[in-house]
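Undergrad: Right, I'll just put the structure down here and ask away after.
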Amino acid sequence: MSEELAIIRGGKAEQYKSLFPQIKALVGDEKDVIANLANVSAALKEAFNFFWVGFYLVKDDELVLGPFQGPIACTRIQKGKGVCGSAWEDTKTFVVTDVDAFPGHISCSPLSKSEIVVPLLKNNQVIAVLDIDSKELATFDEVDKQYLIELCEWLVTVI
Ligand code: SME
């Protein structure tokens, strides 16, 4: 696998569809969690130019910052707190069109305006969340939700 992504510019669905085989090739048969989450963060950031892409990992009943791409971020998040903690507690994906309208949103950067958080489930337990932030309002929709859930469902099989 060459360490360069072929980025398709166009509709979001086409971008995700072209990106996923490349991510799968990049991961290959690597089993190291940190390496894989780091490369997935980088690939999503590079393909979509998102403001912040990263993972929080469930450790001792807290979410702890894991591999990410973007500005520095909060290190620990409690269950039920913010968008990430809510996605963990409710075991569901949150698409937030305006972070200022989300009660309890944790602002790691004032530049972040919208966000999507997808839980990663193993044996029905949340083991991590994928968090993506945008500098624009309403960046994420049902298309992002569908493809990012698909990505996370695959990702838990290789970490
Ligand atoms: N805004 C998130 C916290 C994580 S940062 O966006 C990287 C939240 O409310 O959970």
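Undergrad: Between residues in the stretch 125-139 that are touching a residue at least 12 places away in the same chain (Cβ under 8 Å) and residues that are assigned to a strand (DSSP E or B) and of a type in the set (Gly, Ala, Ser), which pairs lie under 7 Å by C-beta distance while being six or more apart or on different chains?
TA: Matching pairs, first to second residue: ALA128/GLY66; ASP131/GLY54; SER134/SER114; GLU136/SER114; LEU137/SER114; ALA138/SER114; THR139/SER114.
Undergrad: With VAL129, VAL96 as the choices, which residue is at pLDDT 95 or above, in contact with a Pro (Cβ under 8 Å, 6 or more places away or on another chain), under 20 Å from LEU63 (Cβ atoms) and within 9 Å of the ligand (Cβ to nearest atom)? Reasoning before the result, please.
TA: Numbers: VAL96 fails: in contact with a Pro (Cβ under 8 Å, 6 or more places away or on another chain).
Just one listed residue meets the conditions, VAL129.
Undergrad: Might you let me know whether the stretch 77-93 holds any residue that is more than 10 Å from the ligand (Cβ to nearest atom), part of a helix (DSSP H, G or I) and surrounded by fewer than 19 Cβ atoms within 10 Å (Cβ to Cβ)?
TA: Yes, that holds for at least one residue.
Quick grid of which residues meet (1) within 21 Å of PHE20 (Cβ to Cβ); (2) modelled with pLDDT under 95; (3) acidic (Asp, Glu):
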position: VAL53; (1), (2), (3): yes, no, no
position: GLY80; (1), (2), (3): no, no, no
position: GLU89; (1), (2), (3): no, no, yes
position: LYS92; (1), (2), (3): no, no, no
position: VAL117; (1), (2), (3): yes, no, no
position: TYR147; (1), (2), (3): yes, no, no
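Undergrad: Ok, one more. Looking at the stretch 122-131, is at least one residue under 25 Å from ILE8 (Cβ atoms) and surrounded by 16 or more Cβ atoms within 10 Å (Cβ to Cβ)?
TA: Initially, the stretch 122-131 is screened for residues under 25 Å from ILE8 (Cβ atoms), giving 130-131.
Now restrict to residues that are surrounded by 16 or more Cβ atoms within 10 Å (Cβ to Cβ): 130-131.
Yes, that holds for at least one residue.
Undergrad: Looking only at the stretch 99-124, count how many residues are within 10 Å of the ligand (Cβ to nearest atom), among the hydroxyl-bearing types (Ser, Thr, Tyr) and in contact with a strand residue (DSSP E or B) (Cβ under 6 Å, 6 or more places away or on another chain).
TA: Total meeting the criteria: 1.
Undergrad: Here's a follow-up. If a residue must be in contact (Cβ under 8 Å) with a residue 24 or more places away in the chain and at positive phi, how many such residues does the stretch 73-101 contain?
TA: Of the residues in that region, 2 qualify.
Undergrad: Here is a list of conditions, (1) farther than 25 Å from GLN22 by Cβ; (2) out of contact with any strand residue (DSSP E or B) (no Cβ under 6 Å at 6 or more places or on another chain); (3) small (Gly, Ala, Ser), and ALA43 meets all of them except one; can you say which number that is?
TA: (1) is the only condition that ALA43 fails.
Undergrad: Among (1) more than 11 Å from the ligand (Cβ to nearest atom); (2) surrounded by fewer than 14 Cβ atoms within 10 Å (Cβ to Cβ); (3) among the hydrophobic types (A, V, I, L, M, F, W, C), where does ILE72 come up short?
TA: Of the numbered conditions (1) more than 11 Å from the ligand (Cβ to nearest atom); (2) surrounded by fewer than 14 Cβ atoms within 10 Å (Cβ to Cβ); (3) among the hydrophobic types (A, V, I, L, M, F, W, C), the odd one out for ILE72 is (1).
Here's the yes/no breakdown for (1) of a type in the set (Asp, Glu); (2) assigned to a strand (DSSP E or B):
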position: ASP100; (1), (2): yes, no
position: SER107; (1), (2): no, no
position: LEU120; (1), (2): no, yes
position: LEU130; (1), (2): no, yes
position: GLN146; (1), (2): no, no
position: CYS152; (1), (2): no, no
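Undergrad: What about GLU14, is it of a type in the set (D, E, K, R), more than 17 Å from VAL156 (Cα to Cα) and not in a loop (DSSP other than H, G, I, E, B)? First the steps, then the outcome.
TA: Values: of a type in the set (D, E, K, R): yes; more than 17 Å from VAL156 (Cα to Cα): yes; not in a loop (DSSP other than H, G, I, E, B): yes.
So GLU14 passes the test.
The values are calculated or read from the model by the stated rules, or taken from the named source; none is laboratory data. Treat the numbers as computed from the prediction; the structure is a model and nothing was measured. As a convention, Cβ positions derive from the backbone with ideal geometry for all residues, glycine included, and neighbour counts pool all protein chains shown.
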